[in-house]
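Notes follow once the structure below has been shown.
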Amino acid sequence: MNILIILNDPPYGTERSFNGLRVAKAVSNESCKVTVFLMADAVSCGKHGQKVPQGFYNLELMLKSVLRQGEVLVCGTCMDARGLIDGELIEGARRSTMQELSEHIINANKTLVF
C-alpha cells in the first residue's frame, strides 16, 4: 500500500508536523511504502543539524527514521521562498516539484494532510 503524507506546518511551535511524522513512522512499520512531502513552512523539518532542548522531540531524527523504509520529498518552490538550499537538507531527503507531488497523489492508496 502506498501512503502519502503531506506536511505544511513548521517543525516546532505546533505539533501538526510532529503528529504527521508519528503517523508516518507507525504506518511504515506495517510494511507500507510511505512518502512524506514537505511543503510551506514544513520544508524546515527537512533541515539538517536541528538542535532542540533535551527531552524535546527532534523532527530531523523522525524524518531519518521514515527514510529507512520510505521517501522524503521537499517542495523546491517552498524551499526557495524560505532561503533553504539543497545542501541544507538531511541526507536522503530531496528537492521535489508539484508535478512529482501530483504523481504521488494519483498513485497513493491514501493521502493524509497535516
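The values are calculated or read from the model by the stated rules, or taken from the named source; none is laboratory data. Because the structure is a prediction, the values reported are computed rather than measured. Note that we place each Cβ from the backbone using ideal geometry, even for glycine, and neighbour counts take in every protein chain shown.
Could you count how many residues in segment 25-48 are at pLDDT below 95 and at negative phi?
Kept after step one, since they are at pLDDT below 95, are these residues of segment 25-48: 25-33.
Next, only the ones that are at negative phi stay: 25-30, 32-33.
Counting residues in segment 25-48 that are at pLDDT below 95 and at negative phi gives 8.
Which one is surrounded by the fewest Cβ atoms within 10 Å (Cβ to Cβ) among residues in segment 70-103 that are of a type in the set (Gly, Ala, Ser) and under 18 Å from Leu21 (Cβ atoms)?
Of segment 70-103, the ones of a type in the set (Gly, Ala, Ser) are 70, 76, 81, 83, 87, 92-93, 96, 102.
Filter again for under 18 Å from Leu21 (Cβ atoms), leaving 70, 92-93, 96.
Values: Gly70: 20, Gly92: 14, Ala93: 25, Ser96: 22.
Residue satisfying both the conditions and the ranking: Gly92.
Assess whether Asp9 counts as being assigned to a loop (DSSP other than H, G, I, E, B), of a type in the set (Asp, Glu) and buried (at least 18 other Cβ atoms within 10 Å of the Cβ). Lay out the reasoning, then the answer.
Details: assigned to a loop (DSSP other than H, G, I, E, B): yes; of a type in the set (Asp, Glu): yes; buried (at least 18 other Cβ atoms within 10 Å of the Cβ): yes.
Yes; evaluated as a whole, the condition is true for this residue.
Touching a strand residue (DSSP E or B) at 6+ places or on another chain (Cβ under 7 Å) and farther than 14 Å from Gly13 by Cα: does that describe Met39? Walk me through how you get there before you give the answer.
Details: touching a strand residue (DSSP E or B) at 6+ places or on another chain (Cβ under 7 Å): yes; farther than 14 Å from Gly13 by Cα: yes.
In short, yes.
Within the group Ala40, Ala26, which residue is in contact with a Cys (Cβ under 9 Å, 6 or more places away or on another chain), without any contact (Cβ under 8 Å) to a residue 40 or more places away in the chain and not β-branched (Val, Ile, Thr)? If you could, list the steps in order and put the result at the bottom.
Working: Ala26 fails: in contact with a Cys (Cβ under 9 Å, 6 or more places away or on another chain).
That would be Ala40, the only listed residue that is in contact with a Cys (Cβ under 9 Å, 6 or more places away or on another chain), without any contact (Cβ under 8 Å) to a residue 40 or more places away in the chain and not β-branched (Val, Ile, Thr).
In segment 1-35, how many are in contact with a helix residue (DSSP H, G or I) (Cβ under 7 Å, 6 or more places away or on another chain) and either of a type outside the set (Val, Ile, Thr) or under 15 Å from Met79 (Cβ atoms) (or both)?
Here is the first cut: in segment 1-35, the ones in contact with a helix residue (DSSP H, G or I) (Cβ under 7 Å, 6 or more places away or on another chain) are 2-5, 7-11, 17-18, 21, 24-25, 28, 34-35.
Restricting the remaining residues to those that are either of a type outside the set (Val, Ile, Thr) or under 15 Å from Met79 (Cβ atoms) (or both) gives 2, 4, 7-11, 17-18, 21, 24-25, 28.
Count: 13.
Of the conditions (1) in a loop (DSSP other than H, G, I, E, B); (2) in contact (Cβ under 8 Å) with a residue 60 or more places away in the chain, Gly55 fails just one. Which one is it?
So the condition that Gly55 fails would be (2).
Given Thr35, Thr14, which one is out of contact with any Lys or Arg (no Cβ under 8 Å at 6 or more places or on another chain), free of Cβ contacts under 8 Å to residues at least 60 places away in the same chain and either within 23 Å of Phe56 (Cα to Cα) or not acidic (Asp, Glu) (or both)? Can you show your working first?
On the way: Thr35 fails: free of Cβ contacts under 8 Å to residues at least 60 places away in the same chain.
Being out of contact with any Lys or Arg (no Cβ under 8 Å at 6 or more places or on another chain), free of Cβ contacts under 8 Å to residues at least 60 places away in the same chain and either within 23 Å of Phe56 (Cα to Cα) or not acidic (Asp, Glu) (or both) holds for just one of Thr35, Thr14, which is Thr14.
Would you check which residues across segment 28-52 are surrounded by fewer than 20 Cβ atoms within 10 Å (Cβ to Cβ) and assigned to a loop (DSSP other than H, G, I, E, B) and list them?
If the condition is that a residue be surrounded by fewer than 20 Cβ atoms within 10 Å (Cβ to Cβ) and assigned to a loop (DSSP other than H, G, I, E, B), then Asn29, Glu30, Ser31, Cys32, His48, Gly49, Gln50, Lys51, Val52 are the ones that fit.
Can you tell me which residues in segment 97-112 are over 12 Å from Thr35 (Cα atoms) and either under 13 Å from the mean Cα position of the chain (by Cα) or assigned to a loop (DSSP other than H, G, I, E, B) (or both)?
Correct list: Thr97 only.
Only one of (1) surrounded by fewer than 14 Cβ atoms within 10 Å (Cβ to Cβ); (2) more than 14 Å from the chain's Cα centre (by Cα); (3) in contact (Cβ under 8 Å) with a residue 12 or more places away in the chain is not met by Asn19, so which one is it?
Checking Asn19 against (1) surrounded by fewer than 14 Cβ atoms within 10 Å (Cβ to Cβ); (2) more than 14 Å from the chain's Cα centre (by Cα); (3) in contact (Cβ under 8 Å) with a residue 12 or more places away in the chain, the one that fails is (2).
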